[in-house]
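The values are calculated or read from the model by the stated rules, or taken from the named source; none is laboratory data. From a predicted model like this one, the values you see are computed outputs, not experimental measurements. Neighbour counts are summed over all protein chains in view; Cβ atoms, including those assigned to glycine, are modelled from backbone coordinates with ideal geometry.
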Amino acid sequence: MKNIILIAPPAAGKGTQSKMICEKYNLVHISTGDILREKSKTNVELADLMKKGCLIDDNTMTKLVSERLKEDDCKNGFILDGFPRNINQAQLLSDMNININYVFYLNVDEEILKKRIVGRISCPNCGSVYNEQIDESMPQKTNICDKCGNNLIKREDDNEESFKTRYETYILNTFPLIDFYRNNSNLYEINSTDKMTTFNEICKVLNGEI
Ligand code: ADP
């Protein structure tokens with residue numbers, strides 16, 4: 001069974017890796033950020049919290065995730081992208097009694113993350129991610145998705161100020177999860193500077209080669 005958690009700082013590539021892994025292994029991608037962004041279209045309070053880079057409360061998040069995990073499609077394996085984000089959420093997840101087989105920690109330097117965040121643009125239709133400031137990550141046509149032709153958008157929280165809050169929140173709240181899961185023995189640390197190298201490393205673990 002492949003029930004997976006991804007832990008990573010903001011813009012480390014959780015979304016991109018999740019999409020690739022889900023396609024290859026036929027898993028369900030549960031991105032709490034994506035779910036919340038959808039909800040924030042009709043919820044001003046939520047949109048405002050997210051724009052500032054603040055976390056949403058643990059009970060709301062846990063309810064949202066536990067309901068999603070009960071759906072049938074999760075029975076064949078899933079990736080949790082963005083949850084848990086602090087020790088309390090990890091505890092609440094462990095109370096759900098769902099087996100987690102792999103926890104990947106994607107490690108990236110803060111400076112690289114900042115650069116990725118500021119130029120990041122993505123496709124609201126298929127989720128592909130690009131960067132308008134990094135040559136090898138630009139779309140072929142300005143602002144158009146290579147894959148599906150949709151217009152690309154910039155996330156409201158992808159600016160330097162919000163990144164600062166998100167990164168600090170990550171160090172303070174999410175980083176301690178690494179020790180939490182290390183003690184539970186199924187943690188894999190992956191250097192996540194290059195997209196394909198990261199993906200290949202994750203696949204090696206999932207294929208049982210490491
Ligand atoms: P990133 O990891 O790049 O910051 P995400 O898309 O995972 O982006 O999350 C975007 C925002 O959604 C977060 O800054 C936070 O406001 C909210 N969010 C997502 N997941 C959680 C969670 N598990 N707990 C609390 N807030 C969350």
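General observations
- Every condition in (1) under 20 Å from Y167 (Cα atoms); (2) of a type outside the set (K, R); (3) crowded, with 17+ Cβ neighbours inside 10 Å holds for D48 except the one numbered (3).
- Residue count, segment 126-138 (criterion: closer than 20 Å to D34 by Cβ and in a loop (DSSP other than H, G, I, E, B)): 3
- Count - residues of segment 157-210 that are surrounded by fewer than 18 Cβ atoms within 10 Å (Cβ to Cβ) and among the aliphatic types (A, V, I, L, M): 6
- Within segment 172-205, the set of residues being assigned to a helix (DSSP H, G or I), under 27 Å from M50 (Cα atoms) and in contact (Cβ under 8 Å) with a residue 12 or more places away in the chain comprises N173, T174, P176, L177, I178, F180, Y181, K195.
- Pick from segment 107-128, criterion crowded, with 19+ Cβ neighbours inside 10 Å and of a type in the set (V, I, T), ranking: farthest from the ligand (Cβ to nearest atom): I121
- Leading residue by the ranking (farthest from the ligand (Cβ to nearest atom)) among those in segment 10-62 that are at pLDDT 95 or above and part of a loop (DSSP other than H, G, I, E, B): N26
- Of the residues contained in segment 106-123, none is found to be within 25 Å of D58 (Cβ to Cβ) and hydroxyl-bearing (S, T, Y).
- Residue list for segment 148-159, restricted to those being within 21 Å of L36 (Cβ to Cβ) and not in a strand (DSSP E or B): N150, L152, K154, R155, E156, D157, D158, N159
- Residue tally, condition of a type in the set (A, V, I, L, M, F, W, C) and within 9 Å of the chain's Cα centre (by Cα), over segment 6-29: 5
- Looking across segment 67-106, the residues that are assigned to a loop (DSSP other than H, G, I, E, B), within 16 Å of the ligand (Cβ to nearest atom) and within 9 Å of N3 (Cα to Cα) come down to I98, I100.
- Within segment 70-98, residues that are free of Cβ contacts under 8 Å to residues at least 40 places away in the same chain have Cβ atoms under 8 Å from residues that are away from the ligand (no atom under 16 Å from the Cβ) and part of a helix (DSSP H, G or I) in no pair, counting only partners at least 6 apart in sequence or on another chain.
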